1. Would you check which residues across segment 158-186 are within 21 Å of residue 78 (Cα to Cα) and in a loop (DSSP other than H, G, I, E, B) and list them?
2. When you look at residue 33, is it at pLDDT 95 or above, within 19 Å of the chain's Cα centre (by Cα), over 18 Å from residue 195 (Cβ atoms) and exposed (fewer than 15 other Cβ atoms within 10 Å of the Cβ), yes or no?
3. Is it the case that segment 105-118 has a residue that's out of contact with any strand residue (DSSP E or B) (no Cβ under 7 Å at 6 or more places or on another chain), modelled with pLDDT of 95 or more and buried (at least 17 other Cβ atoms within 10 Å of the Cβ)?
4. Failed condition for residue 54, given (1) assigned to a loop (DSSP other than H, G, I, E, B); (2) touching a residue at least 24 places away in the same chain (Cβ under 8 Å), with all others met?
5. Please pick out the residue among 89, 64 that is under 30 Å from residue 17 (Cβ atoms), touching a residue at least 60 places away in the same chain (Cβ under 8 Å) and surrounded by fewer than 20 Cβ atoms within 10 Å (Cβ to Cβ).
6. Only one of 135, 143 is in contact (Cβ under 8 Å) with a residue 40 or more places away in the chain, loosely packed, with under 15 Cβ neighbours inside 10 Å and touching a strand residue (DSSP E or B) at 6+ places or on another chain (Cβ under 7 Å); which?
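The values are calculated or read from the model by the stated rules, or taken from the named source; none is laboratory data. Everything numeric here is computed off the predicted structure, so don't read it as measured data. Cβ: placed from backbone, ideal geometry, glycine included. Neighbour counts: every protein chain shown.
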């Protein structure tokens with residue numbers, strides 16, 4: 001079961017204000033479903049936010065990521081060809097600060113290559129294979145990969161039931177919150193990175209960048 005509402009009820013949402021054009025932001029992309037704008041924070045050289053036009057919770061977005069995933073991937077490739085991460089925070093342990101669903105697009109060094117054979121099988125079905133792997137300080141670290149062969153663009157264009165399963169597993173195993181993220185190598189090497197999503201949780205995760 002997912003938390004009903006992690007935030008106090010409020011009629012004000014800063015992301016809704018940006019989407020509606022009532023609050024200033026540097027808009028980098030907009031279409032009928034998704035808006036991408038530059039984060040006001042400057043922790044890393046590229047910090048963008050991809051948000052759905054319609055107000056929804058993180059769990060709702062990731063249960064049907066659709067166009068938001070495709071746009072986030074495209075914007076990462078465009079604005080940070082040297083490598084990037086896609087990140088979404090859920091709940092207080094992941095320091096989620098906004099109720100409006102969003103995906104962070106960050107220029108950040110990517111993680112080491114993941115070897116499934118060296119890690120514990122955690123869950124599998126007809127769509128996804130999820131392994132648990134050791135982490136230096138996070139108590140729950142999962143790596144999810146699609147069961148069928150698919151390229152990165154197709155994966156992020158239609159995450160489908162994989163996103164829903166990760167949200168369910170996150171709340172079932174990390175009630176204080178969790179983080180979903182994926183990393184991408186520099187553009188010339190991108191074929192070396194297979195489609196995947198990491199789930200980190202079980203403890204306070206700190207800042208995401």
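1. Matches in segment 158-186: 158, 159, 185, 186.
2. yes
3. no
4. It is condition (2) that residue 54 fails.
5. After ruling out the rest, the residue left standing is 64.
6. The conditions single out 135.
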